[in-house]
Amino acid sequence: SCTDDSCAPDQGCVFQHNEASCDDGDPCTLDDQCALGVCEPGVPVNCNDGNPCTDDTCGPFGGCLYQANDDFCDDGNPCTLDDQCAGGQCVSSGAQDCDDDNPCTTDLCDPVDGCVFYTNTQPCSDGNPCTVNDTCEEGECAPGPVVVCDDGNPCTADSCEAPGGCGHVPGAGECDDGNE
């Protein structure tokens, strides 16, 4: 196919080299071209299938070959962990933990943005036993009203101090026992 063949009465058979397209018989080349009477291989076939979970090669008897591997990969989802190839597919073996240990945020994992934290207005504890009904405000636990520690006994001094909370210290002084 790489020669133009003719017969000249005074020369006999004449073989003229051409630059025609040809097929070198190798499925791993494209656009083979004749040069100096021989079919020369063209550009290598691109066997890349875009899948990180396959090793892509080209063999002279089968063309493109795709062998599954067990490499690490990224499935593109920031909510998954430990992505690894299995059976030619990228699979995950865990979920992202987005818990920021802040009771004043609602923690979610968005498949596009990853971990996101939304402020809430849930009840919380500011850690101070001298406040009650604490609530979340702008992502932080805000103290509620101060605890009333009055035990109704006029013979005690009532107070509230962290970390113990209400305290009632006996005192001296006048009182009314209610008996007339």
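The values are calculated or read from the model by the stated rules, or taken from the named source; none is laboratory data. Bear in mind the structure is a predicted one, so any value in this text is a computation, not a measurement. Neighbour counts are summed over all protein chains in view; Cβ atoms, including those assigned to glycine, are modelled from backbone coordinates with ideal geometry. When the accessible area is computed, the model is the full protein with side chains, heavy atoms only, and any ligands, DNA or RNA have been set aside. Shrake-Rupley method; radii C 1.70, N 1.55, O 1.52, S 1.80 Å.
Residue by residue, here is whether (1) part of a loop (DSSP other than H, G, I, E, B); (2) surrounded by fewer than 13 Cβ atoms within 10 Å (Cβ to Cβ); (3) touching a helix residue (DSSP H, G or I) at 6+ places or on another chain (Cβ under 7 Å) holds:
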| position | (1), (2), (3) |
| --- | --- |
| C7 | no, yes, no |
| C13 | no, yes, no |
| Q16 | no, yes, no |
| E19 | yes, yes, no |
| D24 | yes, no, no |
| P27 | yes, no, no |
| C34 | no, no, no |
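Quick one: is T106 without any contact (Cβ under 8 Å) to a residue 60 or more places away in the chain, open to solvent by 50 Å² or more (accessible area, probe 1.4 Å) and in contact with a strand residue (DSSP E or B) (Cβ under 7 Å, 6 or more places away or on another chain)? Break it down into steps so the answer makes sense when it comes.
Details: without any contact (Cβ under 8 Å) to a residue 60 or more places away in the chain: yes; open to solvent by 50 Å² or more (accessible area, probe 1.4 Å): yes; in contact with a strand residue (DSSP E or B) (Cβ under 7 Å, 6 or more places away or on another chain): yes.
Yes; evaluated as a whole, the condition is true for this residue.
Looking only at the range 78-110, count every residue that is part of a strand (DSSP E or B), more than 30 Å from L30 (Cβ to Cβ) and either more than 15 Å from the chain's Cα centre (by Cα) or of a type outside the set (D, E, K, R) (or both) and tell me the total. Step through it out loud before you land on a result.
Going residue by residue through the range 78-110, those that are part of a strand (DSSP E or B) are 80-81, 84-86, 89-91, 94-95, 105-110.
Now drop any that are not more than 30 Å from L30 (Cβ to Cβ), which leaves 80-81, 84, 86, 91, 94-95, 105-110.
The next check asks that each one be either more than 15 Å from the chain's Cα centre (by Cα) or of a type outside the set (D, E, K, R) (or both); those that pass are 80-81, 84, 86, 91, 94-95, 105-109.
Here the count works out to 12.
Suppose the filter is over 30 Å from G114 (Cβ atoms), open to solvent by 70 Å² or more (accessible area, probe 1.4 Å) and in contact with a Pro (Cβ under 8 Å, 6 or more places away or on another chain); does P44 pass it? Working first, answer last.
Working: over 30 Å from G114 (Cβ atoms): yes; open to solvent by 70 Å² or more (accessible area, probe 1.4 Å): yes; in contact with a Pro (Cβ under 8 Å, 6 or more places away or on another chain): no.
For P44, the condition - over 30 Å from G114 (Cβ atoms), open to solvent by 70 Å² or more (accessible area, probe 1.4 Å) and in contact with a Pro (Cβ under 8 Å, 6 or more places away or on another chain) - is not met.
Among the numbered criteria (1) modelled with pLDDT of 95 or more; (2) in contact with an Asp or Glu (Cβ under 7 Å, 6 or more places away or on another chain); (3) of a type outside the set (G, A, S), which single criterion is violated by T54?
Of everything listed in (1) modelled with pLDDT of 95 or more; (2) in contact with an Asp or Glu (Cβ under 7 Å, 6 or more places away or on another chain); (3) of a type outside the set (G, A, S), T54 misses just condition (2).
Would you mind stating whether Q67 is closer than 30 Å to E137 by Cα and either touching a residue at least 24 places away in the same chain (Cβ under 8 Å) or open to solvent by 50 Å² or more (accessible area, probe 1.4 Å) (or both)? Full working, then the answer.
Details: closer than 30 Å to E137 by Cα: no; either touching a residue at least 24 places away in the same chain (Cβ under 8 Å) or open to solvent by 50 Å² or more (accessible area, probe 1.4 Å) (or both): yes.
Answer is no for this residue.
Could you check D75 against (1) modelled with pLDDT under 95; (2) part of a strand (DSSP E or B) and say which number it fails?
The failed condition is (2).
Six or more apart or on different chains, Cβ atoms under 7 Å: show the pairs whose first residue is in the range 71-90 and surrounded by 13 or more Cβ atoms within 10 Å (Cβ to Cβ) and whose second is aromatic (F, W, Y) and assigned to a strand (DSSP E or B).
Going by the 7 Å Cβ cut-off, the qualifying pairs are D83/F72; Q84/F72.
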